Structures are given as structure tokens and as C-alpha cells.
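K.L.:
Take a look at the following structure, please.
The values are calculated or read from the model by the stated rules, or taken from the named source; none is laboratory data. All values reported here derive from a predicted model rather than from experimental measurement. Virtual Cβ from ideal backbone geometry, glycine too; neighbours counted across all protein chains shown. With ligands, DNA and RNA removed, areas are computed over all heavy atoms of the protein, side chains included. Shrake-Rupley method; radii C 1.70, N 1.55, O 1.52, S 1.80 Å.
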Amino acid sequence: MKKILYSLRSHKLLQVYSALIAIVAGLLFGLIILIVIDPSQAFPAFNSMLFAGFRRGLSSFGNVIFFATPIVLTGLSVGFAFKTGLFNIGATGQLLIGGFVAVYIGVTMTFFGPFTWVIAVIAAGIFGALWGIIPGILKAYKGVHEVVTTIMMNYIALYLVNYFVKSSIYDGLNNRSLPVPRANIIPKFGLDVIFSHSNIQGGFLIAIIAMLIIYFILNKTVLGFELKAVGYNKDASKYAGINDKRRTIHAMMIAGALAGLAGASMYLSDSFTYINVQDSMPTQGFMGISVALLGLKDPIGILLAGLFFGYLQVGGQNMQLYGFAPQVIDVMTGMIVYFSALSLIFAKFAIRFFRLRNEGDDA
Amino acid sequence: MNNVLTMRNISKSFPGIKANDSISFELREGEVHAILGENGAGKSTLMNILFGIYKPDEGEILLNGEVVDIKGPNHAYELGLGMVHQHFQLVQNFTVTENIVLGIEDVRYGLISTKKARKKIIELSEKYKLNVDPDALISDISVGMQQRVEILKVLYRNADILILDEPTAVLTPQQISDLMNIIKTFTKEGKSVIFISHKLDEIMNVADRCSVLKGGKYQGTLEISKTDKNELTRRMVGRVVDFKIAKKKPSIGDKVLEVTDLTYRLKGSDKALLDNISFHVKAGEVVSLAGIDGNGQTELIYALTGLIHNAEGSVRLNGKELNQLSIRQRTMSGLSHIPEDRHKHGLVLDYTLEYNLVLQEYFKERFQKHGVLQFDTITEHSEALISSFDIRSGRGPKTTAKSMSGGNQQKAILAREISRSSDLLIAVQPTRGLDVGAIEYIHKQIIAERDKGKAVFVASLELDEIFNISDRILVIYEGQIVADLIPEDTSYEEIGLYMSGSKRGKGYEKNPV
Ligand SMILES: Nc1ncnc2c1ncn2[C@@H]1O[C@H](COP(=O)(O)OP(=O)(O)OP(=O)(O)O)[C@@H](O)[C@H]1O
Ligand SMILES: [Mg+2]
């Protein structure tokens, strides 16, 4: 019994509690907004949102996965950088670059035949990584803060991609890129049989594999040991002879690759296949920050958080049936993230609520 | 005399360890009450409970005869308690004033006003002769000064009961005697002080009574006037400790470390922090570096170990030039380094003990295969070190370093650095924060390493330590080595003269300008 109590009191679990409390608080906040907007429809709409992800069984859940896939990947990107003490706000730009490269290859390099999608995915990862390396180098050797550079790199990516779309694979009629032929999108590996009648996409498998790899790197390898050491204590890492500059660059490179893969998974799915010439950033990049925070920067947590936000997205679409704008979901998502950022306070609340004592490792 | 504070049957458990086991403690008005106990005995835990940081599992606390439930540090301050923690809790890039008012800022129209606070700080600083500059940045001031800022923080909140958790561990002898005087003024005003220290001389000097803890249990309270150091030690460790260790004559070998004309100045500054330093350490000898804090010791150690990499001159290890090498290359060339600041450099506090114990070796064949860590060997290795160096913690190899007691953190670093088979051991304040039993053990280890033929270079602010273990003593003053002495041929007084710059040794006369 004592043992169980102790494990309950452990730091990690406390964080999980506070994340759960943040979710509940965020949802309640959303409900209040619904009530303010339209009291008569609020409860049915809220109810339908809560259960939309399961309403039609696996097929609804296929849609959840569809929304979750890119944000799990950007979440991993942000979360991985966090572990090394870096705040990668640049997942958006890395995603755009990766996405464009994937679409470009999918449209023009059909000579790879059935391997086209593989090449496209790999290239997306590589170009995402290259886009991530630049802020990494600037941080390591010039001391420029990565928050500043990654934001700038986002804008550069946006305009660069617009320019490249227009000058290479442009579909002027629709002001977007030419579509990737069906044959060159990421195959579904039979997922569409399980999750029939949904937007399920094969990219989810890529996200799962990426999650496993990241988990492995962080917890089992020398590279992970060094990356986390730099994130926790730069001075001690230096003392231990770890090349923190190189590791900063590696971390940004891997983070960029993950976001690049997110781009491939987004644009090589049968609901998207083309890139719009756009004047605003795709939201999946920034969602990655929310996912990483709610997922407690932990690969498995990030997968769960990504699925949760995907679930809310599906629910949001249902809200339209009740006359609410699906943006209510964005507000809720925002609130949940906001609340999870206040997790310290929630941790204290959780301590009381679950009759815990804050100790364990928190001297 | 009345008790201002009573703690009754306090118990507190952490995962795997009962840190406090039904401890009782009484504090009289106007007394200095020392708490003595081995590393990990539960002293800091007891004080953290008193200060509201931990809730006790059992027991009660009475302030002026009334039972109180101390909810947290802010509540403790309201009740007239003040605590200076074992590890400082200052914000580096805030000023002294900002740090002191942190948490109880005077807010006007949404802006923080520090004018009144600044005045009060100056007054307090004058009254207690603390000499603190209210506008200095924490990152710019010495450790001793930071200590006083912590004390000011407590005074500023009008504490009547001061808890000082190992306040002297990081201070120089001069700063310590200043602190002793400050403590004595407190008690004259009727304030009561709880004083935790491993240094028996300090306890004998400043305390009225001393309570002893061992393994989380209360061992009794002694009147200082009716006891002595041996009695205290026996109560604490359960045996007699040799303050003076026996060592045989060194058998000295070849030069291992050879430093020639090492010079270092900050970019854009003329003043040399290290000024043409030359010396050597041979295999089988312990050479120590004495000096008043801030005379270039830190820079010298950094330059030797690679934390500073742009010093001019030459640093050779077994004839191999190190000066342009990276830290990792130096480590691999046979250099071990026990750093001055255990929290900044010595440990990754969020890592487990076993990870910290391989911090300098995780990349070696033994601990990794094809880039994958070998957890079994890592755990085995750390278990061996934990038992041979008696590192105490709640959950063995899996304990987070952060949750270990200060002294046990230090032992972990010592274990890691001494156990590596290196040719040169550089140790800065190796026994800082250790109990007398552990100090004896570490000194024996250092001598054992020497007898195995290692070269040992120790920088310490404590002359007792220096005289105890050294075969040779170098004195540093304003970035220059000013003397090279044999302990048997010199005295504390003479070393004092060298340290203050009033005397120079043969061969170290001032360079003609
Ligand atoms: N927050 C915590 N979580 C888990 N274990 C803890 C925590 N704080 C202290 N401990 C354990 O409780 C024991 C007592 O620690 P404490 O810090 O009170 O020792 P101490 O007497 O102050 O020692 P030192 O002289 O080394 O500072 C230690 O074994 C330590 O590992
Ligand atoms: Mg302590």
C-alpha cells in the first residue's frame, strides 16, 4: 500500500494529474462559451462534440487519426527540442518546407514509380531538417535565440513556398499547386480497411514509427543522454565534455526533420494533395507546441495529446450542426494549453485533491 | 528561559527512506542552537519542515507555546521565521534589492517600488555591518556576499528565529568569522538562531547548545560549555574520528602536470587574472593551492581543466600539451576534476544518481554499444561506487540527484572522479559540506590515490585541510604564485602572510616592472 502511495506521489504522475485537470478546465471553459453564445443549443452541442470521435465507431476514429497525424509529428518536433532546452517555434516553417518538397516530388518525379512517395517522405524529412539546422547553427555559434530565428524562418518559409509553388508546379486557376497524383500519396497500409469510410491516412504509421524512434533516442541512447543533459544543465554538460554546440544543432536538425515529415503526412494524404498559395501559416505547426506541452514533452504523452486534439477537431466539425462556429474548438484547445501551462498551480491543486504531498524528487 | 520553538516527535518519510524519525527539538529565546549530524542525517529535512516546505507525516510544531500549522515559506515568514538554505536561492540577473523584496514587493500603481526597500536594506546592512551593495547584480558578487544577501532577505522580513543551514560551507575563513560576529549580534537582540554546520570549531565557538541527529533519529542535546569536539563527534558518528590523518612519506615520481607561463585576462581587460603562472605536480604527491578567495584560483582551475580555453601558456599532462584541447580530450588524457560548484558543474540534478556517476564515462565501450546505453553495466558500476563511497540516498542508483542531501551529492562527485583511473586529480574544495567522518574518508582516499602514484592538485580555502593532506603548498595572490612551501617548514601564520600579499617566497620575488 505504501509503495502505491509513493508511486502516486511521484512527480511524473502529478504532472499527468495536472494535465488531466487542465483538460477538464479547458472543456468547462468551452462549455461556458457555448452557453453564453446560445444557451438552448449549448448542451446538445457540447454533448455531440464530446462523443463525436466515437459516434460512428472506428470510422469516426479514423478521422480523429487524420487530424492527429501531423500534430503528433509537430508535437514530437517541439517536444524533442524542449528536451534539449530549445523552444522550436519553427515547426510551421519546417512543415511548410517539408510539405512543399514532398508535393514537388510527388508531382514532378513520377519516374520513381511506386517509390515516389517514399522518396518524397524522406526528402521532406531532410529538407525539414535543413530548415531546422539554420536556427540551430545561429544559436550554437552566434548565440541568437532560437525563438527569434525560428519565427523569422517561418515567414521566410511561407513566402518561399508561395514563390516556388507559383514558379514551378502552379495551378493558376485555383491559385495552388498541381495535385499529387493518387498513385504517389502515402499508401494506407490497410488502415482504410480497419477505419473504413474515414479520412484515415497512412501517415499515421509514420508518426507512430517516429514516436518510437524518438522515445528510443531519448531514453536509450548516448545521443539522448547528451541531448537531455544539455537541456537540463548546460554547464555540467560542458564540464562533462559534451559538445553542447553540436548537440544544439543536432537537436534542431532532428526537430526539423520531424516537422518536415509532418508536412509530408499532411500534403501526401488523399484529402490534401496540393499546397495552397497562402497568406497565413498552417496551424499544425503551432498546434505542435500545444501538443508537446499537454503531452508533457514525453513521446507517448505527445501521441496521446495529439489524438486528443484530433478528437476535439472532429467534435468541432459536429458543432456546426448546432449553429456554432468550429472555431469554438480552437478556443477550447487554447484554453487547455493555457491551463496546462499553469500546471504548477494545478499540481498543487492535484496534491490536495488526491491527498498527495508534493515531495519525491522536488527538493 | 522560555522556549520560543518546540518541535515534537516530527517524522517524515521519503521514498525509500525515513529522513526524520520522531525528532524533538527545542529552541530557547536568544540562544544559538546548533544541529549536528552526518550527511543525510535529516537536518535539512527537519528545517524544511519547520519552514513549511515539507509537511511532516507526524508530529507538531509549537511557536511561543502555541501549536501552528506552517503552510509554506511565506506563512513561515509571517510567523517570524527566516531561513537561509543550504543551496542559495537567488535570481542571478536580479539586483540585490530585487532579490530581497522578491515575493513581498511594494507595488504601487502596478509598478514595483524599490525605493523604500533600498533604504531599509542599506540601514540593515549598516546595522549588522554586512557591507552589501543594494544595486549589485547577484551574478557579479562573490559567494560570501550572496550569503549575506540571503541573510539580509531574512532580516528584511523581520525574522526572530533564524535558520541557517550550513551557512559557512561556502565561506572563506574571514567571511566565517564575520558571520560569527553577525550571529552574536542577533542573539544580543533576543533573536534565536538555529545553526547547522559540519565544522565543530564553529559550533564550539558560536553555539550555546547542540542537538545531534543520526540516521533520522534524535540523539540528545549537549551544552556546549560542558562538552568538547571529541564528545560531539562520538555522538554523531558513533566512533572517534582522526582529524589528523596518518600518511607515509611520499614516493615521488615524474612530473605529471607541468604548467608554464600560464596567463589569462578577460577580453578587453589589461588586468591579468592569471599572471605567468608556472608550477608542476609530480606523480605521488599532493600539491595544494592556498589563497584568499578570488585571487585567481577559479580561473587557474578552469584553465587547467578546459572550462576556460583561451589562456596563454602551456599546460602539459605527462608531456602532452593540453592547452588547445577540448574538455573531453583532456578528460581522456587522464585528468579528473572535482569542481568547485557541485550544482553548476558537478551534477545534472535532474538525472538519477547512476547517470551522474557515469557522467564522464557514459560514452566508453563499457557503458554503450553502438550508441545504445548499457543500463545493466551502468547500474552495476554505480552500485559499486555507492557502496564503496557510502553514498546515502532513498532509492540507490535510481535516486534523482536533486533529492539527495548536499553532502551525499558531493560524495557522488568524489566517487565518480576518484574512481576513474586518471593520472591527475584536480580537486576544488573536495570536502565542502561533508561531515567529519566523510572528510576523514575522503582525505584517506586522496592519500591512497597519491600512494598509487597519482598526481593530486587540491585548491582549498581551508588551511586545516591543506596542512592535513599536502606534500607541498603553493600560495596564490592576485593571479601569481607567490610561494612554494613544505607544510612541515611553515605555519598558519606564515601562510597567512603569503596569502595577504605581505610576503613572497624565494624565487617568487615581484617581477621588476
Ligand atoms: N525531496 C526529497 N525527496 C526524496 N528524498 C529526500 C528529499 N529530501 C531529502 N531526502 C532524503 O532524506 C535524507 C535526509 O536528507 P537531508 O537533506 O535532510 O540531510 P542533511 O542532514 O541535511 O544532510 P547534509 O549534511 O548532507 O546536507 C537523505 O537521505 C535524502 O536523500
Ligand atoms: Mg543538508
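K.L.:
Which of the residues spanning segment A:106-122 are open to solvent by 10 Å² or more (accessible area, probe 1.4 Å) and touching a residue at least 40 places away in the same chain (Cβ under 8 Å)? Give the derivation first.
P.N.:
Looking only at segment A:106-122, we keep the residues that are open to solvent by 10 Å² or more (accessible area, probe 1.4 Å), and these are A:107-115, A:117-119, A:121-122.
Scanning segment A:106-122 gives A:107, A:108, A:110, A:114, A:117, A:121.
K.L.:
Check whether at least one residue in segment B:443-450 is open to solvent by 10 Å² or more (accessible area, probe 1.4 Å) and assigned by TED's automatic domain parsing to the domain that holds residue B:260, and report yes or no.
P.N.:
For segment B:443-450, residues open to solvent by 10 Å² or more (accessible area, probe 1.4 Å) and assigned by TED's automatic domain parsing to the domain that holds residue B:260: absent.
K.L.:
Another question about this same structure. For residue B:471, only one of the following conditions fails: (1) outside the structural domain of residue B:317 (by TED's automatic domain parsing); (2) within 21 Å of residue B:245 (Cβ to Cβ). What is its number?
P.N.:
(1)
K.L.:
A follow-up question, please. Could you say whether any residue in segment B:472-490 is out of contact with any Cys (no Cβ under 7 Å at 6 or more places or on another chain), within 16 Å of ligand 2 (Cβ to nearest atom), away from chain A (no Cβ under 14 Å) and not small (Gly, Ala, Ser)?
P.N.:
no
K.L.:
I need a count of the residues in segment B:356-378 that are of a type outside the set (Val, Ile, Thr), within 7 Å of chain A (Cβ to nearest Cβ) and not in a loop (DSSP other than H, G, I, E, B).
P.N.:
Summing the residues that are of a type outside the set (Val, Ile, Thr), within 7 Å of chain A (Cβ to nearest Cβ) and not in a loop (DSSP other than H, G, I, E, B) in segment B:356-378 gives 2.
K.L.:
Something else now. Test of understanding: among B:432, B:392, which residue is touching a residue at least 40 places away in the same chain (Cβ under 8 Å), within 9 Å of ligand 1 (Cβ to nearest atom) and open to solvent by 10 Å² or more (accessible area, probe 1.4 Å)? Show your work before the answer.
P.N.:
Details: B:432 fails: within 9 Å of ligand 1 (Cβ to nearest atom).
Exactly one of B:432, B:392 is touching a residue at least 40 places away in the same chain (Cβ under 8 Å), within 9 Å of ligand 1 (Cβ to nearest atom) and open to solvent by 10 Å² or more (accessible area, probe 1.4 Å), namely B:392.
K.L.:
Out of segment B:39-51, which residues are in a loop (DSSP other than H, G, I, E, B) and near ligand 1 (Cβ under 10 Å from one of its atoms)?
P.N.:
Within segment B:39-51, B:39, B:40, B:41, B:42 meet the criteria.
K.L.:
Just for helices (runs of 4 or more DSSP H) wholly inside segment A:230-334: which have at least 2 residues that are open to solvent by less than 40 Å² (accessible area, probe 1.4 Å) and without any contact (Cβ under 8 Å) to a residue 24 or more places away in the chain?
P.N.:
On the way: elements: A:234-239, A:244-267, A:284-294, A:299-319.
So the answer is A:234-239.
K.L.:
On the given criteria, is residue B:232 aliphatic (A, V, I, L, M) and farther than 20 Å from residue B:85 by Cβ?
P.N.:
yes
K.L.:
Can we say residue B:286 is on the phi < 0 side of the Ramachandran plot and either of a type in the set (Lys, Arg) or touching a Lys or Arg at 6+ places or on another chain (Cβ under 6 Å) (or both)?
P.N.:
Spelling it out, residue B:286 is indeed on the phi < 0 side of the Ramachandran plot and either of a type in the set (Lys, Arg) or touching a Lys or Arg at 6+ places or on another chain (Cβ under 6 Å) (or both).
K.L.:
Looking only at segment B:287-305, how many residues end up being under 18 Å from residue B:425 (Cα atoms) and open to solvent by 10 Å² or more (accessible area, probe 1.4 Å)?
P.N.:
The number of residues fulfilling the criteria is 4.
K.L.:
Now for a different question. Consider residue A:67 against the criteria (1) open to solvent by 30 Å² or more (accessible area, probe 1.4 Å); (2) over 30 Å from residue A:251 (Cα atoms): it satisfies all of them except one. Which criterion is unmet?
P.N.:
Looking at each condition in turn, residue A:67 falls short on (2).
K.L.:
Which condition number in (1) hydroxyl-bearing (Ser, Thr, Tyr); (2) open to solvent by less than 10 Å² (accessible area, probe 1.4 Å); (3) modelled with pLDDT of 90 or more is the one that residue B:187 fails?
P.N.:
(2)
K.L.:
Tell me the residue from B:384, B:427, B:459, B:438 that is within 22 Å of residue B:86 (Cα to Cα) and either open to solvent by 20 Å² or more (accessible area, probe 1.4 Å) or within 13 Å of ligand 1 (Cβ to nearest atom) (or both), please.
P.N.:
The conditions single out B:438.
K.L.:
Could you tell me how many of the residues in segment B:122-139 are touching a helix residue (DSSP H, G or I) at 6+ places or on another chain (Cβ under 9 Å), surrounded by 11 or more Cβ atoms within 10 Å (Cβ to Cβ) and among the polar types (S, T, N, Q)?
P.N.:
Matching residues across segment B:122-139 total 1.
K.L.:
Another question, if that's okay. Take residues that are at the interface with chain A (Cβ under 10 Å from one of its Cβ atoms) and tell me which of the strands (runs of 3 or more DSSP E) falling wholly in segment B:252-351 contain 1 or more. Write out each step before concluding.
P.N.:
Values: elements: B:255-265, B:272-282, B:286-290, B:312-317, B:335-338.
Filter on segment B:252-351 gives B:335-338.
K.L.:
Right, something else. For segment B:52-114, which fully contained strands (runs of 3 or more DSSP E) count at least 3 residues that are farther than 21 Å from residue B:134 by Cα and modelled with pLDDT of 90 or more? Show your work before the answer.
P.N.:
On the way: elements: B:58-63, B:66-68, B:81-84.
Here the list reads B:58-63, B:66-68.
K.L.:
Residues in segment B:39-55 that are open to solvent by less than 30 Å² (accessible area, probe 1.4 Å) and away from ligand 2 (no atom under 16 Å from the Cβ): how many?
P.N.:
1
The rows are residues; the columns are (1) among the hydrophobic types (A, V, I, L, M, F, W, C); (2) more than 30 Å from residue A:218 (Cβ to Cβ); (3) assigned by TED's automatic domain parsing to the domain that holds residue A:95; (4) touching a residue at least 60 places away in the same chain (Cβ under 8 Å).
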| position | (1), (2), (3), (4) |
| --- | --- |
| A:18 | no, no, no, yes |
| A:21 | yes, no, no, yes |
| A:24 | yes, no, no, no |
| A:29 | yes, yes, no, yes |
| A:45 | yes, yes, no, yes |
| A:54 | yes, yes, no, no |
| A:57 | no, yes, no, no |
| A:67 | yes, no, yes, yes |
| A:74 | no, no, yes, yes |
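K.L.:
Right, another one. Restricting attention to segment B:9-38, which residues are within 14 Å of chain A (Cβ to nearest Cβ), more than 7 Å from ligand 1 (Cβ to nearest atom) and surrounded by fewer than 23 Cβ atoms within 10 Å (Cβ to Cβ)?
P.N.:
Passing the criteria: B:11, B:13, B:16, B:18.
K.L.:
Now for a separate question. Among the residues of segment B:400-418, how many are within 15 Å of ligand 2 (Cβ to nearest atom) and touching a strand residue (DSSP E or B) at 6+ places or on another chain (Cβ under 9 Å)?
P.N.:
Residues in segment B:400-418 being within 15 Å of ligand 2 (Cβ to nearest atom) and touching a strand residue (DSSP E or B) at 6+ places or on another chain (Cβ under 9 Å): 5 in total.
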